[in-house]
Amino acid sequence: MAIPPGAAPGPASLPADLTRVGPALPGRRPSPRASFLLRRSGRALVSLGVVVAATFLVVHLVPGDPVRAALGPSATPELVQRTRAELGLDKPALQQFADYLSGLLRGDLGISLRSHRPVSATLAERFPTTLTLAGLAFLVAALGAVPIGVATAVSAWGGRRRSLHSVVSWLLGGLIAIPNFLLAVGFIALFGITMNVLPVAGWGGAAEAVLPAAALAIGPMAYLARIVHVEMLAVLGTPYMTTARSKRLPARLLYLRHALPNMITAALASGGLILTGLVAGTVLIEAVFVIPGLGSTIVASITAKDYPMIQGVVLVYALLVLALNLLIDLALSGLDPRSSIMEG
Amino acid sequence: MRSGFRQRLLSPQGIVTVVALCVLLLAVVFAPIVWGPAAALTAVADRGQGPSGAHPFGTDDLGRDVLARVLVATRLSVLLALGSTTIAIVGGTTLGVVATVLPRPVRRMVTALIDILLSFPWLLLTLFFSVIWGASASGAMLAVGFADVPTVARLTYTLASSVTGRDYVRAARIVGVGHAGVIVRHVLPNILPPLLVNTAAHASAALLSFAGLSFLGLGVQAPEFDWGRLLREGVARIYVNPMVALGPGIAIVLTGLILNSIGSLTGETASSALPPPRARARRRPGAPERAGSAAVVEAADLRVSFPGPDGGLVERVRGVSLTIAPGETVGIVGASGSGKSVTAMAIAGLLPGEAHVGAETLRFQDIDMTSPPTSAERGRLGLELAVIFQDPLTSLNPSLTIERQLTEVSEVHDGVPRKEARRRARDVLESVGITEPERRARQYPHELSGGMRQRAMLGMGLMGRPRLIIADEPTTALDVTVQRQVLRVLHEARRRTGSAILFISHDIALVSGFCDRVLVMKDGEIVEELAASGLAQAAHPYTRALVACVPHMTTDRSRPLPVIGDGDVAEEARA
Amino acid sequence: MSTLQYTDLTVRYGHGAGARLAVQGVDLTVASGGVHGLVGESGSGKSTLAAAAVGLVRPVAGTIRLDGVDIAGSSATARTARRRVQLIFQDPFSALDPRMPVGASIAEAMRARGRRPTRAEKTRRVGELLRRVHLDPARAGDLPAAFSGGQRQRVTIARALAAEPDVIIADEITSALDVSVQGVVLNLLRELRAELDLTILFISHNLAVVRYVCDTVSVMRHGRIVESGDTDGVLSMPRDPYTRELVAAVPVMGERFDQRFDQRFDQRFDWGEESQ
């Protein structure tokens, strides 16, 4: 449709009267759910392309000569030349990109400049640790946030128990304000040194996972709990909840059947970013607790300018985030019959 | 809004925030001058000491005073965070505003890219950018700032496009105001206040991210130090003196809290949106209780107040008394804000918690609605009192099927088995004129048309044994032909069940045709009560004006419409 | 005095499989100096006709002419010419910039005819227009929030007048207002029409209001005009079945609802008709 200059009426900006009018033109329309999933998968694919391009480009975006920067001023010109050839940087840019892509498809991410081992081997070694840490924290955050948010919202609704409401919102606000690495340091001081009950470094046993997972989970849990709290209050104030109350249903049905599904949909739509943020949070937590995961790898390789390794780790993190986003979209389309966040 | 800001500023939280902000600013300006020498003074003999009078936070591995170093680091930490915030706000706002005026295909691409960037956590973007700009203070400032650009751009874009979709922007375009004019005259003035409110939150987040980067060794490099750098050095020595690590940590958290607090002071979304405490309906002593009365509804001196914007109570229903006989159809008419819906919701016991309800008598059949219902009474209320609201789309639960919403009353209160309840639901749906009840029952509300939803809503009430159906503007959201179908179903339901109906509408012609008796409400009081057939001969001037001011199919077209007093004066008094 | 003429107008929203024809081959003439009513239910395409005349949407086929000059195109002439058509919106709360004093909003519309008035001229003209819609000129500096709904709607009418239009399109201008205020706005519109010789296209879903305000009327359904003519003629003797249904559905003061079923209820009524 041609848009006249001076006017750009997108469908969403038109009055309701204008958008749902007239008979459909011939042609099949997919169901809202299918088309939602289709769009989201399409977006995930585009995101994947952006990620691959970005990780390829990162070396080229570094100002100056990345190889010289990586090897330091003392490296001989021969070594610089050899490394450049090793990285393929002496080839034309398109050729480099083609090589990078075909390498990716074969699972070949190049050789680390520092350890001279294949990047993929290091990733395979370290990825499970990070995934376990993030997974544990996710469980803690999600399982903690929903009951806290729901319970506080239900008891605060309609202006009841104002003091509880303000205590909870202050407490949650405080927990959100403390970044995970500071919390981790506090935990070490408290549980590791003062009380000396839990190990504060390393990875392996269950005891060693307690503090890192807790430190990583608490901030997102507080944030999620607040989202759940706010969304639950919003749901409790909707006309359909008044309808449900007019049926005088027992509390169990009122909250579990009528409020919860709507709240979860809303909370998931806005809380997804927090869960993916948790993945990135592992970088800091691993640094505090000296955990040999992807986080410590990326920090070390950024400091050492080990570009192949950086590319590999960033790629893995980004893929993990994309996978999580897709999972959240799947969950949303399963939960919400309208897929009301279609345009989100 | 201004007075709200002043009020928040003078609250305890506001005063604490302002004082803390002043202390922070003093530290930024003067700490390096006052404590700079102490922070740099190495004393090998004093190294690694715990907290003491001379060194409240102890000393580091070179014997430097930790407290002095934390104070001195304030300037660099805060300035770097502000630098990042500036980059984020300026970059993001520009991108967001420019995106709104791009041609549609380009705009779509830009917003899609912003959304993709947004789906990655901030820290990951920061790390990516710090690969490019290297591990240095300035590199980290750029990285933290740029990583936040998508967030600000998205917010700006959302705000700006909500403005450009408004009728006032359309009106400006119609008179020939161009893109630049629209942005300068309408978009910027409307999006800047909310953006500024967000700046404090972004500054707080930037401070924390920066501390994180420095902590990882990717930000400020020795010999310079910010809080993150101090923390990094401190963690290595945490066993010797925990304060070496906790000191800078406390500084980071406190500063983050101050910045956040500024945000919530300037913001219009305070948690104070929570309504004040609930007061249950109370029965005032006065009239003796008349038990066993035959009326379906009996209310005497019903008063309902809501908390006003200034914290006081505003009385919205002022001493309403009404009786509804079994099977009677009673209408309430009045302008919006007259208290008609509030009266009905008070009768149904469905007012939100912040409402203060008081009455001499307020009963539904023999159930006293001024006290919490017993469980037996709840069951009867569920079965015998049905409610229909104005907008059937929002008053049906979007995530439950029509069938589920119909059957539950029978299952819960009547103990009807699921299967039997389902069969009854099909019958009820058919009786309210829904074709293919089998198929419709399994659908969700959004799959039905407006008129069908409203009929399904009524069907929900018919699953029980309604003695009273409260219909609150049940047809206002519907087209006039659909309106008639719904009324017909309502009428039919009354004929079949013998239920009374309380019908609320602003449309006096509709009420006159549908009801036996009409109550006219104005400003929370019933000004007149009369038979529907007698509306044309109403005694009260307000009723007469209400009848006369609405054009109907026989209004004299050559004369101006009569106006209620000065319509706008009445309207203003409420506003 | 101007004639607004739609010829074979078709407007489509969306693309591909999601596309909808909002208006299909509409011919409509709003005669010079007349008030033409446009009735129909939500989604019938009435508002699209309004939006097309002021350039907010672009037709895929057909023309809109003002005194024979095309105003639907993208040419500079069309853009200038269509500023002689002004639109008054349904929701007065969204139609005024909340952060712009109402006087400035009105003055902004004075640009429509390409004028660059001086400050003094603006003040004078704004005052004059506010008086004309029965508002105190001293309130020109107030923000919209200081006005009630009915007053805001009068401000938007003043804004439309500031553009010195030949044609005014009133799109459901009273449906967001309380019934008690509706009369004030309708009376004002009648008054202005008599004083200023305006041509008006009056869009509403309310038949009684249309009957009261309009000389001629068209009934729209599913993007088409099903019936047009003299208001009294169309409403007293509707020829199209849909118009008949609309007329029958209007509640009449003092007429019992159940009697109407017996006497006037259309037997062809079909429950499943509004399927989705």
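The values are calculated or read from the model by the stated rules, or taken from the named source; none is laboratory data. All figures in this text were calculated on a predicted structure; none of them were measured in a lab. A quick note on method: Cβ atoms are made from the backbone with ideal geometry, for glycine too, and the neighbour counts reach across all protein chains shown.
A quick yes/no check of all residues on (1) over 35 Å from the mean Cα position of the chain (by Cα); (2) within 11 Å of chain A (Cβ to nearest Cβ); (3) within 26 Å of B:Pro194 (Cα to Cα):
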residue	(1), (2), (3)
B:His55	yes, no, no
B:Asp61	yes, no, no
B:Asp65	yes, no, no
B:Val78	no, no, yes
B:Thr85	no, no, yes
B:Thr94	no, no, yes
B:Leu102	no, yes, yes
B:Asp115	no, yes, yes
B:Pro121	no, yes, yes
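I'm told A:Pro199 meets every condition in (1) surrounded by fewer than 20 Cβ atoms within 10 Å (Cβ to Cβ); (2) within 22 Å of A:Gly281 (Cβ to Cβ); (3) out of contact with any Leu (no Cβ under 9 Å at 6 or more places or on another chain) except one. Can you identify the failing condition by its number?
The one condition A:Pro199 does not meet is (3).
Going residue by residue through segment C:20-32, is there one that turns out to be under 21 Å from the mean Cα position of the chain (by Cα) and more than 23 Å from C:Gly229 (Cβ to Cβ)?
Yes, the conditions are met somewhere in segment C:20-32.
If a residue must be at the interface with chain A (Cβ under 9 Å from one of its Cβ atoms) and either buried (at least 23 other Cβ atoms within 10 Å of the Cβ) or within 34 Å of the chain's Cα centre (by Cα) (or both), how many such residues does segment B:195-219 contain?
So the answer is 8.
Each row is one residue, and each column tells you yes or no for (1) surrounded by fewer than 21 Cβ atoms within 10 Å (Cβ to Cβ); (2) touching a Pro at 6+ places or on another chain (Cβ under 9 Å); (3) more than 14 Å from chain A (Cβ to nearest Cβ).
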position: B:Lys340; (1), (2), (3): no, no, yes
position: B:Ala348; (1), (2), (3): no, no, no
position: B:Val357; (1), (2), (3): no, no, no
position: B:Ala386; (1), (2), (3): no, yes, no
position: B:Glu430; (1), (2), (3): yes, yes, yes
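Only one of (1) part of a helix (DSSP H, G or I); (2) touching a Lys or Arg at 6+ places or on another chain (Cβ under 8 Å); (3) more than 11 Å from chain B (Cβ to nearest Cβ) fails for A:Leu330. Which number is that?
Going through the list (1) part of a helix (DSSP H, G or I); (2) touching a Lys or Arg at 6+ places or on another chain (Cβ under 8 Å); (3) more than 11 Å from chain B (Cβ to nearest Cβ), A:Leu330 breaks only (2).
Here are the criteria: (1) touching a residue at least 24 places away in the same chain (Cβ under 8 Å); (2) assigned to a helix (DSSP H, G or I). Tell me which single one B:Val235 does not satisfy.
In the conditions (1) touching a residue at least 24 places away in the same chain (Cβ under 8 Å); (2) assigned to a helix (DSSP H, G or I), B:Val235 misses (1) alone.
With (1) closer than 28 Å to C:Asp67 by Cβ; (2) of a type outside the set (D, E, K, R); (3) in contact with a strand residue (DSSP E or B) (Cβ under 8 Å, 6 or more places away or on another chain) as the list, and C:Ala194 as the residue in question, which single condition is left unmet?
Every condition holds for C:Ala194 apart from (3).
Here is a yes/no grid of residues against (1) under 13 Å from the mean Cα position of the chain (by Cα); (2) modelled with pLDDT under 95; (3) buried (at least 20 other Cβ atoms within 10 Å of the Cβ):
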position: C:Lys46; (1), (2), (3): yes, yes, yes
position: C:Pro59; (1), (2), (3): no, yes, yes
position: C:Thr63; (1), (2), (3): no, yes, no
position: C:Arg116; (1), (2), (3): no, yes, no
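State whether one or more residues within segment B:50-61 are among the polar types (S, T, N, Q) and surrounded by fewer than 21 Cβ atoms within 10 Å (Cβ to Cβ).
Yes: one or more hits.
Confirm whether A:Ala142 is assigned to a helix (DSSP H, G or I), modelled with pLDDT under 90 and within 23 Å of the chain's Cα centre (by Cα).
yes
Does segment A:299-322 hold any residues that are of a type outside the set (A, V, I, L, M, F, W, C) and either under 22 Å from A:Leu278 (Cβ atoms) or in contact (Cβ under 8 Å) with a residue 60 or more places away in the chain (or both), and which are they?
Listed by number, the residues that qualify are A:Ser301, A:Lys305, A:Asp306, A:Tyr307, A:Pro308, A:Gln311, A:Gly312, A:Tyr317.
Go through segment B:235-253 residue by residue and tally those that are within 9 Å of another protein chain (Cβ to nearest Cβ), closer than 13 Å to B:Asp61 by Cβ and either within 38 Å of the chain's Cα centre (by Cα) or of a type in the set (A, V, I, L, M, F, W, C) (or both).
Residues meeting the conditions: 3.
Each row is one residue, and each column tells you yes or no for (1) among the β-branched types (Val, Ile, Thr); (2) closer than 30 Å to C:Leu96 by Cβ; (3) buried (at least 24 other Cβ atoms within 10 Å of the Cβ); (4) touching a residue at least 24 places away in the same chain (Cβ under 8 Å).
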{"residue": "B:Ala171", "(1), (2), (3), (4)": "no, yes, yes, no"}
{"residue": "B:Val175", "(1), (2), (3), (4)": "yes, yes, no, no"}
{"residue": "B:Leu188", "(1), (2), (3), (4)": "no, yes, no, yes"}
{"residue": "B:Gln221", "(1), (2), (3), (4)": "no, no, no, yes"}
{"residue": "B:Asn241", "(1), (2), (3), (4)": "no, no, no, yes"}
{"residue": "B:Ile252", "(1), (2), (3), (4)": "yes, no, yes, yes"}
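Of all helices (runs of 4 or more DSSP H) completely enclosed by segment C:168-276, which ones contain at least 1 residues that are at pLDDT 90 or above?
C:179-196, C:207-213, C:231-236, C:241-249
Being surrounded by fewer than 16 Cβ atoms within 10 Å (Cβ to Cβ) and modelled with pLDDT under 85 is true for just one of A:Ala70, A:Ala98, A:Ala53, A:Ala16. Which residue is that?
A:Ala16
If I filter segment A:247-260 down to residues being outside any helix (DSSP H, G or I) and not aliphatic (A, V, I, L, M), which single residue comes out as surrounded by the most Cβ atoms within 10 Å (Cβ to Cβ)?
If we take residues in segment A:247-260 being outside any helix (DSSP H, G or I) and not aliphatic (A, V, I, L, M), then A:Lys247 is surrounded by the most Cβ atoms within 10 Å (Cβ to Cβ).
Suppose we filter segment A:261-311 for residues that are outside any helix (DSSP H, G or I) and under 22 Å from A:Gly204 (Cβ atoms); how many remain?
Adding up the residues that qualify gives 4.
Please state which one of B:Val297, B:Val317 is modelled with pLDDT of 80 or more and under 32 Å from the mean Cα position of the chain (by Cα).
B:Val317
Might you let me know whether segment A:157-169 holds any residue that is outside any helix (DSSP H, G or I) and modelled with pLDDT under 90?
Yes, because at least one residue in segment A:157-169 is outside any helix (DSSP H, G or I) and modelled with pLDDT under 90.
Given A:Ala300, A:Ala323, which one is surrounded by fewer than 20 Cβ atoms within 10 Å (Cβ to Cβ) and under 26 Å from A:Ala69 (Cβ atoms)?
Result: A:Ala300 is the single residue among A:Ala300, A:Ala323 that is surrounded by fewer than 20 Cβ atoms within 10 Å (Cβ to Cβ) and under 26 Å from A:Ala69 (Cβ atoms).
Within segment C:3-114, which strands (runs of 3 or more DSSP E) (wholly inside it) include 2 or more residues that are at the interface with chain B (Cβ under 9 Å from one of its Cβ atoms) and not acidic (Asp, Glu)?
In segment C:3-114, C:85-88 are the strands (runs of 3 or more DSSP E) which contain 2 or more residues that are at the interface with chain B (Cβ under 9 Å from one of its Cβ atoms) and not acidic (Asp, Glu).
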